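Worksheet for the structure shown next.
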Amino acid sequence: MSNQPPTLSRRLRCASLAGLTVLAGLVWRLAPLGLPPFLFKYGGSALWAVMVYWLLAAMFPRLASLKLAIAACGFAAVVELSRLHHSPAEDAFRRTLAGHLLLGRIFSLWDIATYWIAIAMTGFSDAITSRRVRG
């Protein structure tokens with residue numbers, strides 16, 4: 001049994017999951033895994049969305065999984081929609097590795113669908129495991 005307050009324990013668990021997701025995403029996108037293009041593209045997008053969920057969960061550990069999922073879906077959609085706006089500074093950042101990994105380059109409704117599916121699955125699994133941890 002942990003001596004940490006439940007909020008701190010959840011914050012640390014979610015931050016750790018976010019870090020592991022970032023690591024998995026970097027391997028997915030940068031290591032020569034030989035993935036088919038569909039898996040390479042949408043698997044990386046799904047991992048990005050999962051990372052968004054865990055980061056929000058780490059920042060707001062008391063928030064219910066459903067509310068976290070809604071916030072993560074909104075954030076992911078806003079980031080995707082931001083690709084429709086272009087300025088020289090934004091486009092220059094998007095051409096960097098960090099810009100490509102964090103913001104992407106080309107708007108796609110398929111990306112939003114991928115994000116939302118990945119976030120829904122993560123939120124559902126978080127809700128189930130959170131009940132087990134508390135109960």
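Read the figures in this text as sums done on the coordinates, not as results from a lab. The structure presented is a predicted model; accordingly, all values stated were derived computationally and were not measured. In this analysis, Cβ positions are derived from the backbone assuming ideal geometry, glycine residues included, and neighbour counts consider all displayed protein chains.
General observations
- Sorted by Cβ density within 10 Å, fewest first, the residues D111, D91: D91, D111
- Taking the longest Cα principal axis of the chain as reference, the axis of helix 6-30 is set at about 30 degrees.
- Estimated vicinal HN-Hα couplings, Hz - the stretch 32-45 in sequence order (Karplus 6.51, -1.76, 1.60; Gly, Pro = x): x, 7, x, 6, x, x, 4, 5, 4, 5, 7, x, x, 5
- In terms of other Cβ atoms within 10 Å, K41, K67 run from fewest to most in the order K67, K41.
- Normalising the average separation of contacting C-alpha pairs (under 8 angstrom, six or more residues apart) by the number of residues puts the relative contact order of the chain at 29 percent.
- Counted charge near A98, where neighbours are those whose Cβ lies closer than 15 Å (Asp, Glu -1; Lys, Arg +1): +2
- Note on S125 and R105: with the Förster distance fixed at 35 Å, the Cβ-Cβ geometry gives a FRET efficiency of about 0.75.
- Taking the C-alpha atoms only, the angle from helix 109-134 to the longest principal axis of the chain is near 10 degrees.
- Against the chain, whose longest principal axis comes from its Cα atoms, helix 65-81 is set at around 10 degrees.
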